[in-house]
Each structure stands twice: as C-alpha cells, then as structure tokens.
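A short worksheet on the structure shown next.
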Amino acid sequence: MTKHIKKVAGISRREVLVGSAAGAGLVIGYSVLPNAVDSASKAIAAGNWDHQQYLTMDTDGKAYVYVTKCELGQHVGTALAQAVAEELEINWDDVNVIYPDSHAKWGLMITGGSWSVNWTFDRNSRIGASARIALVEAGAKMMGASVSDCYAKNSVVYSNSGSSVTYKDILSKNTIDRTFSEEEMKAIKLKSFGEYDVVGKSKVPFDLPSKLDGSAKYGIDVFVPNMVYGIVVQNPTRWGAVPKSVNEAAAKKIDGYVGAYVEKSGFARINTGYVVALGETYWAAEKAAKALKIDWDLGPNKNVSSKVIRDESIKLQKDPSTGFLWVLEGDTDKAMKNASNKHTAVYETAIAYHGTMEPMNCTAYEKDGVWHLHGGNQWFSMAAPTAAAALGVEADKVVCHQYYAGGGFGRRTEPDNFVLAAQTSKFIGRPVKLLFSREQDMMFDFHRTPTYQVIEGGEEFGRLTSMKHDVVAGWSTRRAAPGFMPDSVDKKGKVDQFSTNGSDHWYDVPNHQVRSIPNDLSDKALPVGFLRAVAPGWTFWAVESYMDEMAKKAGRDPLAFRLDHLTAQGKNAGTPPNTIGGAHRLRNALLVAAGRAGYGVKPLGKNVGMGMAAVTSQERGSPTWTACVAEVEVNPQSGDVVVKKVTISMDVGTAVNPEGVKKQIEGSALYGISLAMYEELTMKNGSIEQGNFDTWTPMRLNQAPEIETVLIQNGHYPAGTGEPATTVVAPAIANAIDSAVGARVRSLPITPEKIKSAMREA
C-alpha cells in the first residue's frame, strides 16, 4: 500500500506515473515525483509519491477506475469509466469502478452542478490513453516489434506483422515503468467523435444490478458492533433555537434508552443547538426523542414567516443602494427612455424542499485515533474537514466512507448529518447511527431560498434594447463555501454566483444589467442551501417568462422572438471547448424542440396551449443548451392544469452514455414539473409548517406527463445533463398556460388559485 506524502524535498514537475506495483499489475495516476526517483515502479513500490490514483489494472488484465463522485442514481461512475475504457482499448467486461474514501490527495471531491463528466472527461480519457501507450510499448517489446507498428484493441496489443499479446500476458510478465510529463499528456491525440467504440454507446450502469437485486449498500444500511441509534429532536425554530435544559425523566422509563446529547453552542454553518436522543434500537431512540422535555431559547427568528421574508425582499429590491452588479453592459436607463414598448414584471418562487428518498443519515465512530464516517455525501471535501473541526481533531484524522445515496439534489452537499453523528459518538463513546425522520429532515433541510425578482425592459422594432434584472435571494454559497464567490463587476464585493447564474443569459441585449441582492433574513432564518441547478431554477423562470411577455408586447411569435435574439454575436459567440458555437447551439435546440413538438403546426383544442423556454443551466461557462416545449390543458372554471406532454431537446455535445443521459433528462424534468406545479413550503414563527407528505405534496405518478427527449450530439465536449431539464420546464408550462387561457402566472408553484386570479386580471 502506498502512503500519502504531503511534502517531499526536491520536487519535480507534476507528471503521470504508469508503473507496476506489488499485488497489482499497473497503477496509473497523477503524481509529484521526487527528483531522486527515476522509475515509476520504484516510486510506487517505495510509497513516496504524492498520488491521485485514478486507474489500476491487475495481472488478469482487469481495470479499476476510481470515481471520486457520489452515486446518486445518475450512474456517473459508468460514464466516467467509459471515458477511460475508450482510450485504454480494453474489453468493457473487464472494467470496474471503485468509489474511494475521502482523502486530500483526490483534490475537490464534489458531486453537483452537472460538473462530473464535464470536469473529468478529458482527464479520464488521457489517463486511459497513457495506460494504453505504456501497454503497447511493453507489448511491442515482448513481440520484438517496433512500437510504431503496434496498436491495441479489445485488451490485445497487435503488430502489423500479425503477432499479438494480451493485456493479461503483458501485465503478468512485465514490470512497466513509464512517466508522462504535462506536455506529453496534453500532446496525446485522443479519439474524435466518429471514432468512438465505447463512448456514445448505452452501457448498463455498474450500480444497476445490485440495486435491482437489493444487494446495493446505502449509507442507511451500515451497521457496526456496539452502535446506538441517534434521533435528532425537532427544534421549535429552524435556526437560532438553543436548548436551555433537558428533562429526561420520561425518556428514562423507555426500554433501551441510552441518554441524550445536548449541544448548546452548535457549530458554524450547521446548527445553533440541538438535542439527540439515543437508544439501543431505532424505536427506543424515536420514542425517547418525543419523551424528552426540553426548555428552548427560541432565538432571534421566532417571529419570522414567509411573509416577513418576502416583505424584506421587496424592501431590499426597492432600495437602489443594495446588492452587487453581476452584469453591467451598455446604458440601460438611456435605452429604456428610447424604447417603444416598456414592460416591468415581478417573478417569485417559494421555499422548496429537497425530498431525498433515503433519509439523511450517518454512522460515526472512532477507531485507533481515526474517526470513520459512513454515508452517502456529495461533498466529501466539505464533510471531512467540517467534521474534523467539530471534533477538534486534525483533518487527516477523519475519513468519510462513500456509499450509494438515495437521492441528493444538493441536500447531500451539506455535512450536517456527518457533524451531528460524529459529535454524538464522541459524547457517548460508542458508534452512533444518526437518522433523520421525514419530519426532522423537512425542518433541518437547507431549503431552496424563496426569491423575488424584478425585470424591467424595453423593446424597439421587435428587439429587446434593454433589460434590468434584480435578483433577491438567499445566498447559500456565502454560508457553505464563501471561497467560491467571485468579485462583482462593480467591485463592491463578492457575489454568490449560485444565486445569480442564468440571469447572464445568451440572448443579445445590448444594454443589460443584473443586480444580485442578498436577503440576509432568508439566510438566517432558514438557512438556505443548494437545490438542483440552484439559481437557474428561479432566474430562468423569470427570464423565459419575460421573453414570452415581451414577445406578446411586440406582437411577435415567442419562437421567432427568441431566435432573433440568439445571433451568437460578441460575448455570445462562444469559445472552445465548453461554449463553442455559442448562442447558435441554443437556437438549434429551440428549433429541434419546436419541430418535434409540432409547435405552430399541431392542431390544439380549446383551452390547450403550447409554451416554450430555452436555458443553459448551470453556469454560463459550462452550459448545456436545452429547450422545452410544453403542451397543457387548462380548466378555466377550476384552474386545474394537465401537463399533457413536454418535449425536451438537449445539446450535450457528446453523450457518453446516451440512455443514461435520457434517463437524467426525464428524471430532472419530472423533478422540475413537481417544483413548478405542486411543491411549496411555508414558514411561520420561525418554523417550517409542513411536516410530511400529508402537507407537502410533490407530483404523483398519475400526474406525470409524456416526456419526449431529443439528444443533439455534435461531437463537442460533453456537457452536464443532471440539472438543465429541471429549470426549463416551469417557464415553458407557464407560457403554455398563458397561450391556452391568457393567464400569466408569475409565481411558483403554479396553483389553480393563481391561474384563476390571473384570468380575472387578464
């Protein structure tokens, strides 16, 4: 086993090692080599390389791809393994994936933002290629052939003379020593789109068989000797409540009751104070949590409600001195004065809950001076050091063990369950399995922020000449990871881009201003977190609704109006690799979706309408060009809406696993429809009012529409696919409702009451 060396004297440049190791045929990964070491295999054997081991091969020719992501149902491990296998030229049946524990050597371990494939495809491809090159070189030597006369295919190295040798033979009979400099790695010629054999092919996900037969292991499935169960007591206020005293008298009468951990000081970014009831069984802990009599200090947010947060947002937006500029182009005020048509609209979204299927959980214990935390988590690079800080130990004394997770949606980027489990285990001196019930998770969730947005724009000769967009929202990044926040364009301070992304759209508007305004009260009372696509879930709701409204003002068809603004000029022209083609790709996605849906051609019945939207979630720098056409039928008497069909076209560049991509699109679209039509949380007296599925009602199966997906593959660099469809459906549905019955709804969720109100106002 190699050991991690933090500092090595005489460090050379960062390189890739491909070398033999004891007990394994080959180890391939990025490293920093000491100058004194002249052999990859010697460095590996000595354990003196600072390594990121992304691929190993055993002497039987089997490959093991290390995936530093959380498997949430998106089958990310399969896609990332495909990238390696494509360039490695290995039989797919010989490929496996490993999800490693947390370690600083892996760098940023995060699963979110549709980043996984987009960020790692090139690296994994080059890792696979470097291993193939080393194998071809070793195989050529075995055959007495020139390397230039040899090539690899299906785990075999061939020479042009007709000789061949398998990867298994090469690995079992040779010691391989090969290093690649940064320049050499960059110079490796990778396959192009038309040359792929594995990438672009639908493969059965590695995690699917075990999930079908029930053998898959989730965090909730972890059991260790001598463990107790921990149940977090529901706080009377979401944030700010502190337990002053705890009466255990009633709890002590419960068979199996172990005790109560009382935390009065809380921990930064996680909580202000809490109580954990402990039991030898889950039911003992659950009953004890209800039996404990707690005297709470309700804290500063005891009177906060949804209305209070909204009123604060309105006040902040009206104050011109608040906020930070995210976009500043041209002169919006001057352009507005000269515009023929002017329009101002307000768009809102409610508090939203993540709703993961698997309850939040973590099993924690200390062994030989190292803390072990077991559970599915999207951000090990946050969970491990945060838990270490809470425990008062060095970061390398905490190891997070990855498991399959039953949904994440951004909820599992938070380390709260890991911190609470670790702190409770330290208190009781035994392993603790901490579990949140549905009610507890709905309270302790880091919810999607409520938002309030105002867009003011002007139109001249059928084109937008100005757009001024104010975004008032909670700033989740400021709490969770302030280092991710860039400077504002007006240099007044930092901006939470994850609360503002999407407002910097790809439409050509010569005079464009976006003001990002933090609602501190929302942050303090909830506080807010990341939820699937984050800001584009509300910014595109506003932008795409507004585009329809302005098209109507200008007397233009919404499709034609959008196409006229997608000219790919200036900043919207795009640059390789992620944004090559620019706005033309979004234009194409719109045309494809409109064509497949029969927009403007398909006969529609009474009170039936079509609406569209076009988005590029999540970041402008790594867009996924996505368009949606929704078809709805509205009952004008009741306000009820049936979403009959959504047609989604997505330009993914290259779909590594097409069937997997389609499933992600379908799943995220359903998630987005549920958010758009049914889901809302409200706050009263500092507490979330809804407690379970009886009062929180996501979309049911019988309400799901037909979904048609169209993948646009053009060979460009792979884009992320886990989130864009979540953000595109809400405005498309709202635009379709307006088309059907002339009712413009500007707040989410879209309810029958809001539709009827909009019809009365029309």
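The values are calculated or read from the model by the stated rules, or taken from the named source; none is laboratory data. Keep in mind that this is a model prediction, so the values were computed, not measured. With ideal geometry, Cβ positions are generated from the backbone for all residues, glycine too; neighbour counts draw on all protein chains shown.
Listed values, structure above:
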| item | result |
| --- | --- |
| Residue within the stretch 506-515 that is assigned to a helix (DSSP H, G or I) and closer than 18 Å to Thr727 by Cα present | no |
| Count of residues meeting criterion [out of contact with any Phe, Trp or Tyr (no Cβ under 7 Å at 6 or more places or on another chain) and on the phi < 0 side of the Ramachandran plot] in the stretch 400-410 | 2 |
| Number of the condition not met by Ile750 [criteria: (1) in contact with a Ser or Thr (Cβ under 8 Å, 6 or more places away or on another chain); (2) buried (at least 19 other Cβ atoms within 10 Å of the Cβ); (3) within 30 Å of Val308 (Cβ to Cβ)] | (1) |
| Unique residue being within 30 Å of Val304 (Cβ to Cβ), of a type in the set (A, V, I, L, M, F, W, C), buried (at least 19 other Cβ atoms within 10 Å of the Cβ) and modelled with pLDDT under 95 when the list is Ala542, Ala525, Ala533 | Ala533 |
| Residue match in the stretch 445-467 (condition: more than 17 Å from Pro527 (Cα to Cα), of a type in the set (Phe, Trp, Tyr), free of Cβ contacts under 8 Å to residues at least 40 places away in the same chain and surrounded by fewer than 24 Cβ atoms within 10 Å (Cβ to Cβ)) | no |
| Given (1) more than 23 Å from Ala593 (Cα to Cα); (2) in a helix (DSSP H, G or I), number of the condition Ile737 does not satisfy | (1) |
| For Ser466: the one exception among (1) under 20 Å from Val528 (Cβ atoms); (2) in contact with a strand residue (DSSP E or B) (Cβ under 8 Å, 6 or more places away or on another chain) | (1) |
| Wholly enclosed strands (runs of 3 or more DSSP E) of the stretch 282-392 bearing at least 3 residues within 29 Å of the chain's Cα centre (by Cα) and at pLDDT 95 or above | 324-329, 341-349, 361-367, 370-374 |
| In the stretch 263-281, residue nearest to Thr424 (Cα to Cα) [restricted to those that are surrounded by fewer than 23 Cβ atoms within 10 Å (Cβ to Cβ) and more than 33 Å from the chain's Cα centre (by Cα)] | Glu280 |
| Residue within the stretch 660-680 that is on the phi > 0 side of the Ramachandran plot, in contact (Cβ under 8 Å) with a residue 60 or more places away in the chain and within 21 Å of the chain's Cα centre (by Cα) present | no |
| Residue check, Ala630 in the same structural domain as Thr567 (by TED's automatic domain parsing), touching a Ser or Thr at 6+ places or on another chain (Cβ under 9 Å) and farther than 23 Å from Asn702 by Cβ | no |
| Qualifying residue in the stretch 202-214 (condition: farther than 21 Å from Ala260 by Cα, in contact (Cβ under 8 Å) with a residue 24 or more places away in the chain and aromatic (Phe, Trp, Tyr)) | yes |
| For Glu366: the one exception among (1) surrounded by fewer than 21 Cβ atoms within 10 Å (Cβ to Cβ); (2) over 30 Å from Phe427 (Cα atoms) | (2) |
| Residue in the stretch 691-702 that is farther than 28 Å from Phe444 by Cβ, assigned by TED's automatic domain parsing to the domain that holds Thr344 and of a type outside the set (Ser, Thr, Tyr) present | yes |
| Yes/no for Phe409 being among the aromatic types (Phe, Trp, Tyr), within 25 Å of the chain's Cα centre (by Cα) and not in a strand (DSSP E or B) | yes |
| Number of the condition not met by Val495 [criteria: (1) of a type in the set (A, V, I, L, M); (2) outside the structural domain of Tyr261 (by TED's automatic domain parsing); (3) surrounded by fewer than 24 Cβ atoms within 10 Å (Cβ to Cβ); (4) in contact (Cβ under 8 Å) with a residue 60 or more places away in the chain] | (3) |
| Meets criteria (loosely packed, with under 15 Cβ neighbours inside 10 Å and closer than 20 Å to Glu549 by Cα) for Gly605 | no |
| Any chance Glu666 is modelled with pLDDT of 95 or more and over 28 Å from Leu586 (Cβ atoms) | no |
| Subset of the stretch 587-623 [closer than 25 Å to Ala568 by Cα and of a type in the set (Val, Ile, Thr)] | Val592, Val615, Thr616 |
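Matching residues to (1) closer than 30 Å to Cys362 by Cα; (2) crowded, with 16+ Cβ neighbours inside 10 Å; (3) in contact (Cβ under 8 Å) with a residue 40 or more places away in the chain; (4) not basic (Lys, Arg):
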site	(1), (2), (3), (4)
Thr237	yes, yes, yes, yes
Asn247	yes, no, yes, yes
Val258	yes, yes, yes, yes
Lys293	yes, no, yes, no
Gly299	yes, yes, yes, yes
Lys307	no, no, no, no
